[in-house]
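Derivation of every value follows stated rules applied to the coordinates shown; laboratory data play no part. The model shown is predicted, which means the values in this text are computed figures rather than measured ones. Note: ideal-geometry Cβ built from the backbone for every residue, glycine included; neighbour counts use all protein chains shown.
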Amino acid sequence: MLDDAYRNLCIYHIHDGLRDGLSHFSQSSRAALIYAETPHSAPRIHDPQNLLRGHEPMLEKVFLKDATWRQCPGKVASIPPFEQILCDPLPVSGLINVGARSRAIFHQTWFTEHHPDLCSTGPTERWLEHASWMLSQAFASDNVLHLDLAGAVLQGWATHAVRNFIVDQRAEAMGMDTKLRIYPTLDAILSISKTLEEGAWARGRLCFVEPGDIDSVTYLAKFTRDERPVLQNHKHVRKLLLSVEDSPYALVSDGASIVGIGMPPYPGACVLAEFRGNYGFVRLGEEKVCSFFDGAFHSTTRRANLVQLEELLLESRLDATQRHALFTIVSDIVHSTQERKHGCTLVLDFSCPHIPIAGQHLENPISLHNPHMLHVAKALAKVDGALHICADGTLHGFGCLLDGERVVAEDRSRGARYNSALRFTAGHDDLVVIVVSSDRPMSIIQGGVEVTAACPLPPLAGSCGTPPHLEDWIADA
C-alpha cells in the first residue's frame, strides 16, 4: 500500500493542474475525484471546492447502494501497466465525468462543470481521461519528482486535448490508417490566426482534407503540384486567405501544402478552420470542436449565455408564446451586438402601462416580430442609450437614459452603462435590463442586482490531507 502522504500529494498536484488548465480552456472551472484504490476499498472523495454538493443522492445510489461500478469490464491483472480501461460515464446533470480503472487504481471518476457555452464536451473529456491516466501512473511510479511535472502538463493540455479528440473522432469515422497529422494542423491554425495582413486579422476558411481524398474535392482553382504553397509558410497562407474571404469556399490543404480553392461539401472527416477576424472556430466536418483566439484554443462558442434570462422570463406573467418570442428577439439583438463589437443596453419592460423612460420615443411602437423591424432595432442599438422593449415585443424608444439612486452593488470598473442599469432597476421592480459591453461581457440586471454575477469559488488550500470516505462526506452534508 502506498504511503498516505505521497498518495495525497499525487491527488493534490494532478487535481490542481487539471482545474487550472480547464479554467483557462473554459471559464472558471472546478474539478473533483471519487476513487477506490483496490476492488474492496471504500470509495473516497476529493472535492475541495464543493463541485459535487447537491449530487449526494445520485452519488450514494451509484457508489454506496449499488456495486455495479465495481464490475467495470476488464480485470485489473489483465490491464497493461501503462494503460487504463474507461468506464461508462455517470448520468450526472450539469457535470462532465470520466471513469477509468488501471492496475494502480481500481476505480477513479473525475468530474468537472459542463459549462453551457461549450462547443463540444469532447476535448474536456479527453482532459479528464489524461488526468486519470496521470494519477494512475503517479501511484504506480511512487516517485515524488514526477508530481510537479504532472500538474504542469495538465495546466497546458488544451492543444493536446483538442488533438486527441479530433484523432479519436477521425479514427472512428475513417479507421486508424489516416495520414493527416493533427498537431501540425493545429499549430498552423494558431499561427495563421495571429498573422496580420496589412493590419487585418484573417478571415475565411481553411479545410484540411485526408491526403488520399484530396483529388475528390471539387476545385474552383487548383495549383500546380510543384508550385503549391507550403503550409508552414504561414504568412503566404494568410495572404491566400484573401481569396476566400467573405465567401462559402475554402483553401484546401492536404496537411503539407495548399492544393487549391475548393467548394463544399468536403470529403471524409475533414478539419475545417473558420477564421473570423481576431477569433475563429475549429470544426470536424460541420461540428464545432473548439474556438481559438489570443493565440490559444478555448471551449467557448463565444455566444452570450442567456440562461438566466430564460429563468426570469419563466417567472414573469408572460405566456409561453410571448416568452419564446421575446427571448428570440433579445438573443438576436445581443448576438448581433457582440459580433459587431459595440455595447448596448436593453430594457425589458413587463409593466402595464409601460414605464416612461427619458429618450427618443417613437410615435408608433414598432413590432420586433417583423424581421425588417428587428434589423432596424439592431442598428438603433448602436446609438448611445438603451432600447426600450415591452413585453409584447414592441420597441417604444431608443437612446433612453437610465438613472436612479446610488446602490451598494455599483462597480466603478464596469462603467456608466452597467452602473446606470443597477440604479435604474433598483427603483423599478417589473423590468429586466441587459447590458452588453463592447468587449463582449454581458450582464442581466434586475432589482439593482446582477443575476449573472458569478460567485467566487472557495479558495484552495496549499496542500490536502487524506480525502474522506464518500459515506462520511455524504453524512456531513
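Is there a pair in LYS194/LYS222; LYS288/LYS382; LYS179/LYS222; LYS341/LYS378 whose C-alpha atoms are over 24 Å apart, and which pairs would that be?
Details: LYS194/LYS222 26 Å; LYS288/LYS382 30 Å; LYS179/LYS222 21 Å; LYS341/LYS378 12 Å.
Over 24 Å Cα-Cα: LYS194/LYS222; LYS288/LYS382.
Running Debye on the chain with equal point scatterers at the Cα sites and no solvent, what base-10 log of I(q)/I(0) appears at q = 0.06 Å⁻¹?
Each listed q corresponds, in turn, to -0.36.
I need the semi-axes of the equivalent ellipsoid of the range 2-59: take the C-alpha gyration tensor, multiply each eigenvalue by 5, square-root it, list largest first in whole angstrom. It would help to have the intermediate numbers written out before the result.
On the way: eigenvalues 96, 59, 12 Å².
Sorted largest first and rounded, they come to 22, 17, 8 Å.
Quote to one decimal, in nm, the extra length available between ASP215 and GLU245 on full extension: 0.36 nm per residue of separation minus the C-alpha distance between them.
Values: separation 30, 0.36 × 30 = 10.80 nm, distance 2.32 nm.
Taking ASP215 through GLU245 to full extension adds about 8.5 nm, to one decimal.
Label-point separation (nm) for ASN143 and GLU60, each offset 7 Å from Cα along Cα-to-Cβ?
For ASN143 paired with GLU60, the spin-label model returns 4.4 nm.
Counting GluC sites (Glu not before Pro) as exposed when in a DSSP loop with at most 15 other beta carbons within 10 Å, what is the longest stretch of the chain free of them?
287-404
With runs of 4+ DSSP H residues as the only contributors, calculate the mean residue ellipticity of the chain at 222 nm using -39,500 (n - 2.57) per run, divided by the residue total and rounded to the nearest 500.
Numbers: 12 runs with 149 residues, N = 477.
After summing the helix terms and dividing by the residues of the chain, the value is -10000 deg cm²/dmol.
Under 17 Å from a point placed 7 Å out from the Cα of ASP177 along the Cα-to-Cβ direction: which residues of the range 184-225 have their backbone N that close?
Hits in the range 184-225 for ASP177 at 17 Å: 210-214.
Residues with beta-carbon under 15 Å from that of VAL383, excluding VAL383: net charge, scoring Lys, Arg +1 and Asp, Glu -1?
+3
Under a point spin-label approximation (7 Å from Cα along Cα-to-Cβ), what is the TYR6-GLN322 distance to one decimal in nm?
Those two pseudo-labels are separated by 6.8 nm.
Name the long-range amide H neighbours of GLY255: under 5 Å, sequence gap of 5 or more, or other chain; modelled H, no Pro or chain starts.
VAL209
Can you compute 3J(HN,Hα) from phi for each residue in the range 410-417, using the Karplus curve 6.51 cos²θ - 1.76 cosθ + 1.60 with θ = phi - 60°, rounded to whole Hz and x for Gly and Pro?
4, 9, 5, 6, 8, x, 5, 4
Gap in Å between the Cα centre of the range 336-351 and the Cα centre of the range 86-117?
The two parts, judged by their Cα centres, are 38 Å apart.
Can you check what the net charge comes to around GLU37, using other residues whose Cβ is under 14 Å from the Cβ of GLU37 (Lys, Arg +1; Asp, Glu -1)? Mind showing how you got there, number by number?
Details: positive: ARG7, ARG44, ARG70, ARG101, ARG103; negative: ASP3, ASP4, ASP142.
Combined, the nearby Lys, Arg, Asp and Glu give +2.
Quick one: net charge around HIS55, please, counting Lys, Arg +1 and Asp, Glu -1 for every other residue with C-beta under 13 Å from its C-beta. Please report the intermediate quantities before stating the final value.
On the way: positive: ARG30, ARG53, LYS61; negative: ASP47, GLU56, GLU60, GLU113.
Residues near HIS55 contribute -1 overall.
How high is the FRET efficiency between VAL451 and SER331 when r is their beta carbon distance and R₀ equals 25 Å, given to the nearest 0.05?
Details: r = 17 Å, r/R0 = 0.66.
Efficiency, rounded to the nearest 0.05: 0.90.
From the phi angles alone, apply the Karplus equation (6.51, -1.76, 1.60; θ = phi - 60°) to the range 328-343 and give each ³J(HN,Hα) in whole Hz, x where the residue is Gly or Pro.
Once rounded to whole Hz, the list reads 5, 4, 4, 4, 4, 5, 5, 5, 4, 4, 5, 5, 7, 6, 10, x.
Treat each spin label as a single point 7 Å out from the Cα along the C-beta direction, and report the ASP187 to HIS375 distance in nm.
Going from the ASP187 label point to the HIS375 one covers 4.6 nm.
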